[in-house]
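The structure under discussion appears below in the form of structure tokens.
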Amino acid sequence: MTTGTSVRLDRTSVIYLNSIRALDGVSLEIDDGETVGIVGESGSGKSTLCRLLVGLIRATDGDVQVVGQSVQQALKADSWAFRRQIQMLMQDAVATLSPRMTIGGLMREAVAIHGLDRRETEARIHTLLERLRLPASILERYPHEISGGQARRVGVIRALLLRPSVLVADEPTAGLDVSVQGELLNLLLEFQREMNLTFIMVSHNLHVIKRVTQRTIVMYLGQIVEDAPTETLFERPAHPYSTTLLSTNPLLSAGGAANAIILQGEMPSNARPPSGCRFHTRCPVAQPACAQTVPELTRTETGSLVRCLFPYSLELSGAHRKAEVPAE
Ligand SMILES: Nc1ncnc2c1ncn2[C@@H]1O[C@H](COP(=O)(O)OP(=O)(O)OP(=O)(O)O)[C@@H](O)[C@H]1O
Ligand SMILES: [Mg+2]
């Protein structure tokens, strides 16, 4: 199997019609078969990045390439061929299932459009139903008759039926019970390994990110502020924003709330981001230079990429670092 670059963004920006700069100059490369987590507060641009990758929205500036092709050119040339390569599990799994079709209809529709063999498809649907522990009777049901957890599994089947090479999952376990979350994540990881999927997953849950991903991208106000091997990030975050995110996660923080570093103030508007470093208005260790100088994404000695003039100036306490994630 050849290894290459699955996803490449080069100084890509997305400005919505309301002037919100949801992504601003994002550069990023993801290799075939990598599992990458995306974290950051609400509104930092995570879903925008996902939607951009699958071609649901266009970049205002810069280029987006998936599996060696520019997304917009690939969509123009053969949109179905492109959509087979990259599939997305949406943040709102239930709302994305058309209410008037049965689950079986929805699954078969996804495949029929792509002209895949019918018998092979039926066999694959049943194998996937079993793997995801869904009863075959679910095929006759309508989306409003199934639970949120089932809707997410149905979404997984629809995405995997097409054997994509890239899977983008936007909060795939949000709103599910912890036990159901763990099961779904295990399955996603199994599929990732079997199919050598490039797996990009957004999650607010750092516990999930730590368990599933090899690399983590931290976003703040439409920019990547840190991009690091997951283990390195959790051991020694370089950006003060990453440190605060990790410190406030109860599952990772052995010391509990006492060790949490609480950020002051609201996230500023991404229509008018702060000067200099965007995080300086809330950064617990900001210095005067931070309001003036725009930091570039720079490689540190641990191999992390960080957008900060004073990396490692806010350290995790020992209690956070030693906290182990319980094995499922
Ligand atoms: N269709 C849209 N039109 C205008 N603004 C939008 C649109 N979609 C998102 N935004 C804005 O763009 C910014 C980034 O939104 P995005 O949905 O990418 O954030 P997110 O990181 O996924 O947040 P969450 O964690 O809440 O899902 C936000 O300020 C949001 O309000
Ligand atoms: Mg989102």
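The values are calculated or read from the model by the stated rules, or taken from the named source; none is laboratory data. It should be emphasised that the depicted structure is a prediction, and the values quoted were computed from it without experimental measurement. Positions of Cβ are backbone-derived with ideal geometry, glycine not excepted, and every protein chain shown enters the neighbour counts. We work out accessible area using only protein heavy atoms, side chains counted, and drop any ligands, DNA or RNA first. Shrake-Rupley method; radii C 1.70, N 1.55, O 1.52, S 1.80 Å.
Side notes on the structure shown:
- Calculated P(r) tail over 21 Å for segment 1-146, as whole % of Cα pairs: 56 percent
- Overall size of segment 48-131 from C-alpha positions, given as principal axis extents largest first: 42, 27, 24 Å.
- Which of GLU226, GLU235, GLU109 is most accessible, then next, and so on - probe 1.4 Å: GLU235, GLU109, GLU226
- For the peptides 116-122, 158-164, the ranking by packing is 158-164, 116-122, with the highest mean count of neighbouring Cβ atoms within 10 Å listed first.
- Cα gyration tensor category, rounded, prolate or oblate, for segment 99-146 with a/c compared to 1.5: oblate
- Segment 44-130 - percent of accessible surface contributed by carbon and sulfur, probe 1.4 Å: 48 percent
- For the chain, accessible area per residue (1.4 Å probe, heavy atoms of protein chains only), Å²: 46 Å²
- Intensity falloff of segment 109-178 expressed as log10 I(q)/I(0), Debye formula with alpha-carbon point scatterers, at q = 0.27 Å⁻¹: -1.41
- Distant-in-sequence amide H partners of THR5 (H built 1.01 Å from N, under 5 Å): ASP32
- The residues LEU297, LEU75, sorted by heavy-atom accessible surface at 1.4 Å with ligands and nucleic acids left out, run LEU297, LEU75 from largest to smallest.
- Projected label distance in nm at ALA271 and GLN69, using a 7 Å step from Cα toward the beta-carbon: 3.8 nm
- Gaussian network model of the chain, Cα within-10 Å springs - most flexible of ASN18, ASN249, ASN196: ASN18
- In the chain, the DSSP-assigned H stretches of four residues or longer account for a calculated mean residue ellipticity at 222 nm of -9500 deg cm²/dmol, using -39500 (n - 2.57) per stretch and the full residue count as denominator.
- Axis angle, to the nearest 10 degrees, between helix 103-112 and the longest C-alpha principal axis of the chain: 90 degrees.
- Estimated FRET transfer efficiency when R0 is 41 angstrom, pair ILE262-HIS144 (beta carbons, to 0.05): 0.55
- Think of each Lys and Arg Cβ as +1 and each Asp and Glu Cβ as -1; about the Cα centre, that makes the dipole of the chain roughly 500 debye.
- For the options VAL67, VAL36, VAL166, a Gaussian network treatment of the chain with springs between C-alpha atoms closer than 10 Å singles out VAL67 as fluctuating the most.
- Compared with the dominant Cα axis of the chain, that is its longest principal axis, helix 71-85 is turned about 60°.
- Residue of LEU139, LEU187, LEU56 that the Gaussian network model of the chain assigns the largest fluctuation, springs spanning Cα pairs under 10 Å: LEU56
- Pairwise Cα separations in the chain fall into 10 Å bins from 0 onward with the following percentages, short to long: 6, 25, 33, 24, 11, 2, 0.
- Convex hull per residue volume in Å³, alpha carbons only, for segment 153-309: 143 Å³
- Distance in nm between pseudo-label sites at THR60 and THR302 (7 Å out along the Cβ direction from Cα): 3.4 nm
- Helix 178-195 and the longest principal axis of the C-alpha atoms of the chain enclose an angle of approximately 80°.
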